[in-house]
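The structure under discussion appears below in the form of structure tokens.
The values are calculated or read from the model by the stated rules, or taken from the named source; none is laboratory data. As the structure is a prediction and not an experimental result, all values here were calculated from the model. Neighbour counts are summed over all protein chains in view; Cβ atoms, including those assigned to glycine, are modelled from backbone coordinates with ideal geometry. Surface accessibility is based on the protein's heavy atoms, side chains included, excluding ligands, DNA and RNA. Shrake-Rupley method; radii C 1.70, N 1.55, O 1.52, S 1.80 Å.
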Amino acid sequence: MKTGALPKQLDLRGLAARGVQINGTVSPDDLPRLAESGIGIVDLGSAAFDFRRDEEARYVVAVSVEVKVVMQCQRCLGDMEVPITTASLMACVWTDEEAASLPATYEPLLVEDAADLSDIAEEEILLAIPVSPVHETECKSEAQQAALAAEVEGPEKVEDTGERESPFAVLERLKS
Ligand SMILES: [Zn+2]
């Protein structure tokens, strides 16, 4: 299994017939539609494709993508990193009719002869990104958040070392 850029113009049905697995990196170049929406990624993402045929002889692929995107927080308009993890099971179809007749476990993947794996990975990311992301905690700078985190950690640790009577000990005393 090799990693590197995701290969382009692949015969997906041929890969499924041979039961091929492909892992690759997802780079900003692979994501033109995300870039158009002003969404970038942090470092490189990764994508894994597991091609096979199912018991009905469909050409199927399990796709998982992991990437960290940078989006604009809809509350403070600052940048925020959003980790995205996707997992889908897709079946290659030629037509919309064929797509409509797929079992619900499969997402239709409309492919004619060849497809770019990066296109599939991008589609997965586009479907998974939040519509209106906001910072999970409050919209504070990283330094402010770090200070807050330190404050929260302090008292909790002290409390943990305090002795507490176990519920069993209480029960024992009640019995006697
Ligand atoms: Zn914010």
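Per-structure values
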| item | result |
| --- | --- |
| Most to least accessible of Val42, Val65, Val134 (protein chains only, probe 1.4 Å) | Val134, Val42, Val65 |
| Backbone HN-Hα couplings from phi across the stretch 73-83 [Karplus 6.51/-1.76/1.60, Hz, Gly and Pro as x] | 5, 7, 9, 9, 6, x, 6, 9, 8, 10, x |
| Counted charge near Ser64, where neighbours are those whose Cβ lies closer than 10 Å (Asp, Glu -1; Lys, Arg +1) | -3 |
| Length added when fully stretched, Trp94-Ile129, from 0.36 nm per residue minus Cα-Cα | 9.9 nm |
| Whole-angstrom gap from the stretch 72-147 to the stretch 15-43, using each part's C-alpha centre | 11 |
| D (Stokes-Einstein, µm²/s), Kirkwood Cα radius, the stretch 1-115, 1.567 mPa s at 4 °C | 83 |
| GluC sites (Glu not before Pro) restricted to DSSP loop in the stretch 68-139 with at most 12 other C-beta within 10 Å | Glu112, Glu136, Glu138 |
| 3J(HN,Hα) from dihedral phi, the stretch 8-22, Karplus parametrisation 6.51/-1.76/1.60, rounded to Hz, x for glycine, proline | 10, 6, 9, 7, 4, 5, x, 5, 5, 4, 9, x, 8, 10, 10 |
| Built amide H within the under 5 Å cut-off of Ile41, gap 5+ | Val70 |
| Summed residue charge, Cβ within 13 Å of Trp94's Cβ, Lys/Arg positive, Asp/Glu negative | -3 |
| Model label zone, Ala146; criterion: amide N under 18 Å from point 7 Å along Cα-to-beta-carbon; scope the stretch 74-94 | 79-81 |
